[in-house]
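Inspection log for the structure reproduced underneath, given as structure tokens.
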Amino acid sequence: MEKTEAILETQHISEASDSLFSSLDIFLVALIVGGISWYFINKYKKTTTVTSERSYSISPSPITLENPSDSSFIKKLQSSGRSLVVFYGSQTGTAEEFAGRLAKEGARYRLKGMVADLEDYEMEELVNLKNIPNSLAVFCLASYGEGEPTDNAREFCDWLQNSEPDLKGLTYTVFGLGNKSYEYYNRVAINVDKRLKELGATRIYDLGLGDDDANIEDDFITWKDQFWPTVCEYFGIEPTEEEINMHQYRLEEFEEAPDKVFVGEMAKLDSLKNQKPPHDAKNPFLAKVKVNRDLNNSDRSCLHIEFDIKGSKMRYDSGDHIAVYPTNDSELVEKIGKLCAKNLDTIFTLINNDEESNKKHPFPCPCSYRTALTHYLDITQNPRTHVLKELAEYCTDEANKEKLRLMSSTTPEGKALYQSWIIEDNRSVVHVIEDMPCCRPSLDYLCELLPRLQPRFYSISSSAKLYPDTVHISAVVVEYDTPTGRHNKGVATTWLKEKVPDPEKEAPVVPVFIRKSQFRLPTKPETPIIMIGPGTGLAPFRGFIQERNICKSEGKPVGETVLYFGCRKRSEDFIYGDELLEYEKNGLLTLHLAFSRDQPHKVYVTHLLQQHADEVWRVIGENNGHLYICGDAKSMAVDVRVILTKILQEKGQMTEQEAVAFLKKMETQRRYSADVWS
């Protein structure tokens, strides 16, 4: 492009030279243009374009647009002859991955598709989608936290709920990603589906609900395998016989390293060297580790880590989360390089074949294979079925090829094999390739297939009023043995465990950013609170207690501050025990402790809640107090809610329906808050 523009400019200069320039001027300009042309020609000689035997079938032919708008998905559909747009609202990348798979498969059903991030486009244009023949909008929407939209879907959901666009003629469907452990299972997808229908849109296939607590991959493929035949029937389309199994990106490898190479930055080149605020998910702050110690007196490590955020201009409140960008284990990275027979120091780039896509690369490029596998790709999670299907193409042994194909199918036998061989045996893509010597995929294609390595979020276990320049976290180190005899380690906690400061050396650093939360103390410190947080569920409450203690030391009235904490053994994992006991001694804290294995019968925080029903009713029923839960969503949080319902019935003289409605009202008033995970 730059070279063409330079030639045209030279022609203009030549035509006007008689009146404007001397011969010397023309000579100098020609010399400059020649130098620029020589630079670009030599620059591009240093790259090797690797073409695939398979082309990405949903990419458009080269096109030119008049005044193209990056925020107009309608213009992009029209200019490239597409009719399918798959929007995604994603927090961890799964919804984005599912959207990409649907858009890619559209080619098989004669619907050329594009993937669209909800925050990248003017969603008011939905009213115009009906003007494109055979148009279809698919929404892959994850619910986040307590049934909230993901960050990139929030604005769309607000617009949809608070405006009245005429969506008659719009055809759509929705697939939701949620977790049944949470009360508001798939609330975002359910609400969007309902609202689209209210506004006149036509849903052409049933709302899909994926459960991440079970097997969301199975839910998705089961849903989409029924979705496509319905689409074909609705539009009168005959599917092609072509198997969609193609590259989305084209590969370029560099014989000589270019001047600009990413080495782990999330978005902007050199952002890890030249730190400039504001710091967020695309521009994390390199926080020094000031303290890293083990809180437990057992073989199960629970780390207390303090990050120095001075100078970052980041601010946090008690209850917020800090996100940590980890790196993969170097041994696993090296193993992939050897298995795929690739020099990991080779610099490469993957370029989207879809020229209209806002996502030009799957991760920051160019970079080395080592950087991609270390910083950008998740190499430890269980591979999804579409990855196994692609890996099958690289198998030289027919039995193993059929095994991978079977596991990627929707047959009962395939699902059962996937559940046992991948999920229960806990195999990663590294393990799959390791256990199938006949399968040696191209490393660049593996980089295309694998999901992005996501940041890990930790509840902040400190108060900014006490520690304005540091952020504390409490994290259990994950390690376990698999049925195949392997010893798996958690990506983030294993990496963090090694970040121990040494007075004789430069402090280790960790890329971080702050994520705001709705998990908040009452505005008035005199409002009574109950906190329920076994294990590391204590983390945000440590910050709450510190903050209430500051208020007390300043002479402000502080309401009842009640904590229910539980762990296995008092002598082994009573984290921050000395601090909590000191707060109790000073009269700030009422402490209820459950050490499940310190007596013959198990005692949990749920047992203590039942024993102190009068206290619970007094705080939340009589004094309009706040109640907080932090920890396991699957059992603890569910059990607590059941017990609270019974307490309201018994102590508040309510029916079951009234008790349920009471808790719902508390949630609406932000008096009942949960920060839970499964």
query: Here is a list of conditions, (1) open to solvent by 20 Å² or more (accessible area, probe 1.4 Å); (2) more than 23 Å from Lys389 (Cβ to Cβ); (3) not polar (S, T, N, Q), and Ile529 meets all of them except one; can you say which number that is?
result: (1)
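Among the residues of the range 424-433, write down those that are of a type in the set (Asp, Glu) and under 12 Å from Ile379 (Cβ atoms).
Initial filter on the range 424-433 (of a type in the set (Asp, Glu)): 424-425.
Listed by number, the list is empty, since nothing qualifies.
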- request: Mind checking which helices (runs of 4 or more DSSP H) fall wholly inside the range 361-460 and carry at least 1 residues that are basic (Lys, Arg) and more than 22 Å from Arg486 (Cβ to Cβ)?
  value: 385-392, 398-407, 412-418
- prompt: Within the range 534-549, how many residues turn out to be closer than 19 Å to Gly625 by Cβ and open to solvent by 30 Å² or more (accessible area, probe 1.4 Å)?
  reply: 2
- request: Filter the range 642-678 for residues that are open to solvent by less than 60 Å² (accessible area, probe 1.4 Å), of a type in the set (Phe, Trp, Tyr) and either more than 17 Å from Ala613 (Cα to Cα) or assigned to a helix (DSSP H, G or I) (or both) and give the result.
  value: Phe662
- request: Please name all residue pairs, on different chains or six or more residues apart, with Cβ atoms under 8 Å, provided the first residue is in the range 584-611 and is under 17 Å from Phe574 (Cα atoms) and free of Cβ contacts under 8 Å to residues at least 24 places away in the same chain and the second residue is assigned to a loop (DSSP other than H, G, I, E, B) and of a type outside the set (S, T, N, Q).
  value: none
- prompt: Scanning for something in contact with a strand residue (DSSP E or B) (Cβ under 6 Å, 6 or more places away or on another chain), open to solvent by less than 40 Å² (accessible area, probe 1.4 Å), more than 27 Å from Glu217 (Cβ to Cβ) and hydrophobic (A, V, I, L, M, F, W, C), does the range 320-333 turn up at least one residue?
  reply: yes
query: in contact with a Lys or Arg (Cβ under 8 Å, 6 or more places away or on another chain), open to solvent by 10 Å² or more (accessible area, probe 1.4 Å), closer than 30 Å to Val676 by Cα and assigned to a helix (DSSP H, G or I), is that true of Glu105?
result: no
message: Among the residues that make up the range 601-624, is at least one of them closer than 25 Å to Gln518 by Cα, touching a Phe, Trp or Tyr at 6+ places or on another chain (Cβ under 7 Å) and in a helix (DSSP H, G or I)?
response: yes
Residue check for Lys552: open to solvent by 30 Å² or more (accessible area, probe 1.4 Å), among the charged types (D, E, K, R) and at pLDDT below 95: no
- prompt: Got at least one residue in the range 77-100 being touching a residue at least 12 places away in the same chain (Cβ under 8 Å), open to solvent by 10 Å² or more (accessible area, probe 1.4 Å), acidic (Asp, Glu) and not in a helix (DSSP H, G or I)?
  reply: no
query: Within the range 273-295, how many residues are open to solvent by less than 50 Å² (accessible area, probe 1.4 Å), at pLDDT 95 or above and either among the small types (Gly, Ala, Ser) or assigned to a loop (DSSP other than H, G, I, E, B) (or both)?
result: 4
task: Select from the range 123-148 the residues that are of a type in the set (D, E, K, R) and under 23 Å from the mean Cα position of the chain (by Cα) and list them in ascending order.
output: Glu146, Glu148
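Quick one: in the range 197-213, which of the residues that are within 27 Å of Thr92 (Cα to Cα) and among the hydrophobic types (A, V, I, L, M, F, W, C) is farthest from the chain's Cα centre (by Cα)?
From the range 197-213, those within 27 Å of Thr92 (Cα to Cα) are 203, 205-213; that's our starting set.
Remaining after also requiring among the hydrophobic types (A, V, I, L, M, F, W, C): 207, 209.
Details: Leu207: 22, Leu209: 18 Å.
Residue satisfying both the conditions and the ranking: Leu207.
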Subset of the range 165-223 [in a loop (DSSP other than H, G, I, E, B) and free of Cβ contacts under 8 Å to residues at least 24 places away in the same chain]: none
- request: Please find, within the range 580-599, the residue that is most open to solvent (accessible area, probe 1.4 Å) out of those that are outside any strand (DSSP E or B) and farther than 17 Å from Cys551 by Cα.
  value: Arg597
- prompt: Looking at Glu155, is it assigned to a helix (DSSP H, G or I), crowded, with 21+ Cβ neighbours inside 10 Å and touching an Asp or Glu at 6+ places or on another chain (Cβ under 8 Å)?
  reply: no
task: Kindly indicate whether Pro501 is part of a loop (DSSP other than H, G, I, E, B) and open to solvent by 10 Å² or more (accessible area, probe 1.4 Å).
output: yes
One residue from Pro483, Pro511, Pro468, Pro501 being closer than 30 Å to Leu251 by Cβ and at pLDDT 95 or above: Pro511
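Yes/no matrix, rows are residues, columns are (1) open to solvent by less than 10 Å² (accessible area, probe 1.4 Å); (2) closer than 17 Å to Lys130 by Cβ:
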residue: Asp151; (1), (2): no, no
residue: Gln161; (1), (2): no, no
residue: Gly169; (1), (2): no, yes
residue: Tyr172; (1), (2): yes, yes
residue: Lys180; (1), (2): no, no
residue: Glu183; (1), (2): no, no
residue: Asn186; (1), (2): yes, no
residue: Tyr205; (1), (2): no, no
- line: Of the candidates Phe574, Phe565, the one satisfying the condition of being open to solvent by less than 70 Å² (accessible area, probe 1.4 Å) and in contact with a Cys (Cβ under 7 Å, 6 or more places away or on another chain) is Phe574
query: When you look at Val558, is it over 29 Å from the mean Cα position of the chain (by Cα) and open to solvent by 10 Å² or more (accessible area, probe 1.4 Å), yes or no?
result: yes
message: Looking only at the range 606-617, how many residues end up being closer than 26 Å to Lys524 by Cβ and crowded, with 17+ Cβ neighbours inside 10 Å?
response: 5
task: Take Arg520 and decide whether it is touching an Asp or Glu at 6+ places or on another chain (Cβ under 8 Å), closer than 27 Å to Tyr604 by Cα, without any contact (Cβ under 8 Å) to a residue 60 or more places away in the chain and open to solvent by 60 Å² or more (accessible area, probe 1.4 Å).
output: no
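The values are calculated or read from the model by the stated rules, or taken from the named source; none is laboratory data. For clarity, every value in this text was computed on a predicted model and none was experimentally measured. Using ideal geometry, Cβ is built from the backbone for each residue, glycine included, and neighbour counts are taken over all protein chains shown. When the accessible area is computed, the model is the full protein with side chains, heavy atoms only, and any ligands, DNA or RNA have been set aside. Shrake-Rupley method; radii C 1.70, N 1.55, O 1.52, S 1.80 Å.
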